[in-house]
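J.: Mind looking over this structure? Questions follow.
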Amino acid sequence: MPLPTPFHSRTAPLCRSMEWRDWAGYLAAVTYEKSHEFEYFAIRNAAALIDVTPLFKYEISGTDASKLVDRIITRDVSKCKIGQVLYTPWCDEFGRMMDDGTVQRFSEERFRITSAQPNWRWFRDCGFGMNATVTDITEKIATLSLQGPNARAILSEVVTEGDVASLRFFHLLETKVDDVQTVITRTGYTGDLGYEIWVDYHHAERLWDILMAAGRAYGITPAGLAAMDIARVEAGLILNDVDYVSANRALIDAQTATPFEAGLGWAVQLRKKRFVGQRALIDEKKRGPKWQLVGLTADWEVIEKRFNEAGLAPQIAGRASRDGVPVYANGKQVGQATSRTFSPILKKYIALATLETPFAEPGKNLEMELTVQYSRHKIPATVTKLPFFNPERKRLNISGTKIEE
């Protein structure tokens, strides 16, 4: 039976839909109200507070900590300064992705890695013989994600140490929220201006209360997984076990993906020191990936027509779908759309898809399967560059003029 997170005493009374999902062994609210729409628009227009405690969290420390992290991930840890955060995939020896997540650097010899799947054993194996300790701190750290245009203003009212307003994109701040010791990272899973707040689980309820009280004037709204799922598709962010399957869990090779195939080639630094999967990825780079992750934008007029023929209004303007459907070129399947949603802010039906490389060029006209009243149809869809939605505020600093990396 899934466990309650440390915020459950606060989230449960607010979850009037009573709809929960098992996320990594924890109860996670899918929506707080009957519809996810208000929560989605809080992410895009105000501020949404999301309990993301189920993320796995590992602390890596010791004189060889940097060496171990560098061996695990595909990015170059020597380029990660203290106080910086990296998003990165990591792979097995065949270059197939094990997982993806963030790496927070606190000192020369201390890191924190977050992930979607359990990785403690893998990290330990990678560090065999090194003077580095891998500690699973998942149950000790509670995490809230504060996302939306008003997120910075809310935090600025409650942070009592340091300048959170000037915190750069993908950097961290060790600070206090009121009297609660926290770590704040300028990260998130929505593609919007946002922060994640990491706190000892003993102080979880206090943190929730502080943020909700300060955020009331800014339209803060508790949001569940349904709203975040739509936002992450708009942002072009992949999900483990949906858009690819971890090499550790895949039943066949066809379910796996390399970083080049998953749209993360930019996060692979082949010239850095030796890392797991490096040789395979060098070979793949030379010959080119067989598959590529792309965006697809479906033809809305054809969708309306197909539903109209069945006597229905379009039935797709709801939650994001994680069920894969085939994608075709000239009647031949050339890939699959793995995450699909109607984008409320773009007013388009969009998808994340993995396609054979020759068909992945932006602007390419293809067809995607759509089921209408139990009948399968092929609807026109155009390959679209990711992300679908990428507001400037996500990266801008407090002055609103300088783009930070």
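J.: Give the residue list of trypsin sites (Lys or Arg not before Pro) in region 80-128 that are DSSP loop and have at most 16 other beta-carbon atoms within 10 angstrom.
T.: Those satisfying the criteria are Lys81.
J.: Between Trp20, Trp198, Trp122, find the one with the highest GNM mean-square fluctuation for the chain; connect C-alpha pairs within less than 10 Å.
T.: Residue with maximal mean-square fluctuation among Trp20, Trp198, Trp122: Trp122.
J.: Long-range amide H contacts for Trp291: which residues qualify at under 5 Å (H placed 1.01 Å from N, peptide plane, sequence gap of 5 or more or a different chain)?
T.: Under 5 Å from the amide H of Trp291 lie the amide H atoms of Thr357, each far enough along the sequence or on another chain.
J.: For region 323-330, in order, what is each residue's ³J(HN,Hα) by Karplus, 6.51 cos²θ - 1.76 cosθ + 1.60 with θ = phi - 60°, in whole Hz (x at glycine and Pro)?
T.: Listing the rounded values in order: 8, x, 9, x, 10, 10, 10, 6 Hz.
J.: Hey, what do the phi angles of region 197-206 turn into as Karplus ³J(HN,Hα) couplings, whole Hz, using 6.51/-1.76/1.60 and θ = phi - 60°, x for Gly and Pro?
T.: My calculation for region 197-206 gives 10, 10, 9, 4, 4, 4, 9, 4, 4, 4 Hz in order.
J.: Continuing with the same structure: Percent of accessible area on the chain owned by carbon and sulfur, 1.4 Å probe?
T.: Roughly 49 percent, rounded to a whole number.
J.: On to the next question. For region 363-369, take each phi angle, set θ = phi - 60°, evaluate the Karplus expression 6.51 cos²θ - 1.76 cosθ + 1.60, and give the result in whole Hz per residue in order, putting x for glycine and proline.
T.: x, 5, 9, 10, 9, 10, 6
J.: Heavy atoms only, probe 1.4 angstrom, no DNA, RNA or ligands counted: give me Leu167, Leu3 ranked by accessible area, highest first.
T.: Leu3, Leu167
J.: List every residue whose amide H lies under 5 Å from the amide H of Asn397, counting only residues 5 or more places away in sequence or on a different chain, with H placed 1.01 Å from N in the peptide plane.
T.: Distant-sequence amide H within range of Asn397: Lys402, Glu404.
J.: While we're looking at this one, here's another question. How are the C-alpha pair distances of region 110-230 spread across 5 Å bins, as whole percents from the shortest bin up?
T.: 2, 10, 20, 21, 19, 13, 8, 5, 2, 1, 0
J.: Next up: Could you pull out every residue, at least 5 positions away or on a different chain, whose amide H is within less than 5 Å of the one on Gly318? Hs are placed 1.01 Å off N in the peptide plane, and Pro or chain starts have none.
T.: Phe342
J.: How large, in Å, is region 59-182 by the Kirkwood hydrodynamic radius built from its alpha-carbon pairs?
T.: Working: mean 1/r = 0.0635 Å⁻¹.
Evaluated over region 59-182, this radius sits at 15.8 Å.
J.: Quick one: net charge of Val383's neighbours, Cβ under 11 Å, K/R +1, D/E -1? Intermediate results must be reported in sequence, preceding the final value.
T.: On the way: positive: Lys364, Lys385; negative: Glu361.
Net charge in that neighbourhood comes out at +1.
J.: Shifting gears a bit: Please compute one quarter of the surface area of the Cα convex hull for region 1-85 and express it in square nanometres.
T.: Hull-based average projected area comes out at 8.4 nm².
J.: Averaged per residue, what accessible area in Å² does the chain show with a 1.4 Å probe, protein chains only?
T.: With the other protein chains kept in place, the chain gives 45 Å² per residue.
The values are calculated or read from the model by the stated rules, or taken from the named source; none is laboratory data. As the structure is a computational prediction, the values presented were derived from the model and not from experiment. Backbone-built Cβ (ideal geometry, glycine too); neighbour counts: all protein chains shown. Note: accessible area is taken over every heavy atom of the protein model, side chains too, but ligands, DNA and RNA are not part of it. Shrake-Rupley method; radii C 1.70, N 1.55, O 1.52, S 1.80 Å.
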